[in-house]
Amino acid sequence: MRYDVVTGPIDPRELESAVSHPGAGAICTFSGIVRDNSRGQSVTHLDYEAYAEMAVPQMRKIGDEIKQRWPGARVAMSHRTGHLEIGEVSVVVCVSAPHREEAFAACKWGIDTLKESVPIWKKEHAADGTYWIEGDAAKPVGG
Amino acid sequence: MAVAIAVRVRYFARLRELAGVEVEVTHVSIGATLADAYGAAQSKHPALPPRESVRGVINQEFADWSATVIDGDEVAFIPPVSGGA
C-alpha cells in the first residue's frame, strides 16, 4: 500500500503497480487534473499546501476503511503539493478489487473522502485574483 | 496562579497567512482546552477568523474544541480542506 504527499510529478501507473496482484480483476484509478477554469474565471496555475504529517495518516485511515468496506481491495493514494500547472496531476486514488463494481465504488468513496478529511489546501491563481479554496468557498488572498 | 504548559501551534493555508507565522510555542493554563488555545492564538494574531470556520487538530488528529491540551502537544488550526483537483 502506498500513501504519500509528494512534491514532484505523480505517475498513476506506479500506484496501479502498487495495488496490482493476481487476485485483482479490476483496478480503478482516479486522477485529479489541474483545469484551466474555476468559478467562471480562467485559472493560470495552482499551489497546493499540505499538513503532510497528518495528511498521510488520514489517507491511510481512508485506505483501511476501504479495505473493511470492500474486502479484498488494495489502495494507493498520492497527492502532490507546490506549484502545479494546468493539465498536471494533483492527486491519484487507485483501488484494486476482485471485480469492477467494488473497484469503482471504493475508488469514488476514496477520492470523495480524501477531499473531505485530508488536510491539503489549494490556492487558485485566477484571472480575477488569487484565492484560497476552503471547502466550496473561495477566499481572496489578503482578504 | 495557574502553572502554564507549552504547546506547539501550527497554522496552515489561509490561517498561516493571516497569523503571519507557520509555527510557534504558546503557553496556556493547565487544563486548557483546544478552544482556549485558539483564543490565545487569536489574542496574538487578531486577524485569525472566528472559531466557527476553523478546525482544531491535536497531535495530527481532528479534535473537539472541548478537548484538553497537554504539555508538549502539537496543535494545529486549519481551514476547511480543499485537496483534490
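Remarks
- Binning all Cα-Cα separations of chain B at 5 Å, short to long from zero, yields these whole-percent fractions: 3, 16, 29, 27, 16, 6, 2, 1, 0, 0, 0.
- Segment A:Met1-A:Val141, length gained on full extension (0.36 nm per residue, minus Cα span): 46.7 nm
- In chain A, the ratio of gyration radius to Kirkwood radius, Rg to Rh, stands at 1.01 when only Cα atoms are counted.
- Free-standing Cys, chain A [no other Cys Cβ under 4.7 Å]: A:Cys94
- Amide H to amide H distances under 5 Å link A:Ser38 with A:Val43, where only residues 5 or more positions off or on other chains count and H is placed in the peptide plane.
- Model label sites at B:Gln60 and A:Asp11, defined 7 Å from Cα along the beta-carbon direction, differ in position by 2.7 nm.
- Cα Rg, Dmax, the stretch A:62-143, angstrom units: 15.7, 49
- Approximate spin-label separation A:Ser117-A:His99, in nm, with each point projected 7 Å along Cα-to-Cβ: 2.6
- Per-peptide packing, taken as the mean over residues of other Cβ atoms within 10 Å, places B:62-68, B:38-44 in the sequence B:38-44, B:62-68 from highest down.
- With helices as the sole contributors, chain B gives -6000 deg cm²/dmol at 222 nm; each DSSP H run of n ≥ 4 counts as -39500 (n - 2.57), and the sum is divided by every residue.
- Choice from B:Ile30, B:Ile58, B:Ile70 with maximal GNM fluctuation in chain B (Cα, 10 Å cutoff): B:Ile30
- Average partner coverage of B:11-23, which counts Cβ from other chains inside 10 Å: 4
- Of the peptides A:118-128, A:58-68, A:1-11, the order by per-residue mean of other Cβ atoms within 10 Å, starting with the highest, comes out as A:118-128, A:58-68, A:1-11.
- Selection from A:Met77, A:Val95, A:Tyr3 lying farthest towards where the dipole of the protein assembly as shown points positive, charges on Cβ: A:Val95
Throughout, read-outs are computed from the coordinates displayed, never taken from laboratory work. The shown structure was predicted, so the numbers you read here are calculated from the model rather than taken from an experiment. Every residue, glycine among them, receives a Cβ derived from its backbone with ideal geometry; neighbour counts consider all protein chains shown.
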